[in-house]
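**Student:** This is the structure, below, for whatever I ask next.
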Amino acid sequence: MLLAATLITAGVLLRQADRAHFARRRPHAAPSADLIALQRARANNLTPLLLLAGQWVQITGWWFLTAHGPLAAAAAALGVAVHFRHLQEISHFAVHGVLARTPRANLLLAEVFAHHPLALGPVPARRRRHVRDHHPNATLPGADPNLAELHQAGLRPGTTTLRFAAALVHPLTPSGIRATLASVAGGLGHSPARAAAAVAVLAAAYAAGGWTAVICGVLVPRLLLYPQLAWLSLLGEHTWFDPEHRTGTPAQIEAGRCLRLYPRNRILATIAATTWLPYGDLHHYPHSAHPAVRWNYLPALERHLTPPHFTPDSLLIGARSVARRHHRALTTPAPTPAAPGRAAPTV
């Protein structure tokens, strides 16, 4: 137990080097140009390396913890899933080229610390899908791959309430598990090095905590819990099914199709930012408006921008929740156009 606690604490401390480095002279609110200039002045390859290494040191600590009973193993499964989610988001900023100082460092750090050990596909393929296909086309049917993924899970116009509820936990359903397994198999199949990295992760977990660590520290987090956390994050990024289409600056356009969770609840916002919406994912609106801004500066950018048109109080429950809005958008019949030559009825 002491070794597990020591490793988890050491990992937390390692991660703070990147946070402290980029916090220097950070303004409370500023335009994107000022923030990009500041982050370029701070850019380096060392603190991102320490940040990613810290994640894996903590994961190792959780693996050791699994040997201390069922409750510890359950806590470790959730803790590792959160770290996998963190690795996904850190590598997301590498895909945008703003994690480290050089393009080569961004690629290597994302591959070595996230894509290889988590059996994700190649970083260049993710860059094409995310930067080229998703960002300019967010919420556009037939163009946005993320929206297509939501449609495949059953989030389509006219869906039933039961089907909608199942789609909210899609990664935990049989079809969702099959999709995750297919994705993992595809990631492993890209090269022998990726398969070797996955085997090394399993071997390291076994060395730390035996089969309990393999199951609760790798398989359950990777195949069930982490995909569900990532899925909830995806659901909360945009008003996917009823965006308010706008023209103008990038911020004006994104304000019509993005949302901002927990704007009035600091406790829930803090919990989300440290668990399932880490490294700027809570601030998806300013990221969508200015993808070249590192997560450290997204809160300052968000304060500079006009808020998005939808600021829900919760994700799943309540009249002003993201889920309620999605459900209403998918189940409300579209208005019937007036017949030619006849005036539309007034209400």
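What follows draws every value from the coordinates through simple rules; no lab data is involved. In this text the structure is predicted, and so the values were computed from the model without any measurement. When we count neighbours, we look across all protein chains shown, and the Cβ atoms used for this are built from the backbone with ideal geometry, even at glycine.
**Student:** With bins 10 Å wide starting at 0, give me the P(r) of the chain over every alpha carbon pair, in whole percents.
**Tutor:** 5, 23, 33, 25, 10, 2, 1, 0
**Student:** Residue by residue, what Karplus-based ³J(HN,Hα) values in Hz, rounded to whole numbers, does segment 125-131 have, using 6.51, -1.76 and 1.60 with θ = phi - 60° and x for Gly and Pro?
**Tutor:** Along segment 125-131, the couplings run 5, 5, 4, 5, 5, 8, 7 Hz.
**Student:** Next up: May I ask you to compute the full-extension gain from Ala41 to Glu244, defined as 0.36 nm times their residue separation minus their alpha-carbon distance, rounded to one decimal in nm?
**Tutor:** Extra length from Ala41 to Glu244 when fully extended: 69.4 nm.
**Student:** Fewest first, what order do His86, His290, His309 take by the number of other Cβ atoms within 10 Å?
**Tutor:** His309, His290, His86
**Student:** If you rank Trp56, Trp295, Trp62 by fewest surrounding Cβ atoms within 10 Å, what's the result?
**Tutor:** Trp56, Trp295, Trp62
**Student:** Quick one: length gained pulling Ala74 to Ala165 fully straight, 0.36 nm per residue minus the C-alpha distance?
**Tutor:** Extra length available between Ala74 and Ala165 comes to 30.3 nm.
**Student:** Which log10 I(q)/I(0) values does segment 88-229 give at q = 0.14, 0.15, 0.20 Å⁻¹ under the Debye formula, counting every alpha carbon as one identical point scatterer?
**Tutor:** Normalising to I(0) and taking log10 leaves -0.78, -0.89, -1.30.
**Student:** Compute the distribution of all C-alpha to C-alpha distances in segment 175-306, in bins of 10 Å from 0, and list the percent of pairs in each, rounded to whole numbers.
**Tutor:** Percent of Cα pairs in each bin: 11, 29, 28, 22, 9, 1.
**Student:** Right, another one. Net charge near Ala110, counting Lys/Arg +1 and Asp/Glu -1 over other residues with Cβ under 10 Å of its Cβ?
**Tutor:** +1
**Student:** Another question about this same structure. Could you give the DSSP H helices of the chain that reach 30 angstrom or more along their long axis (alpha carbon positions) and whose average Kyte-Doolittle hydropathy is no lower than 0.0?
**Tutor:** 2-23, 70-95
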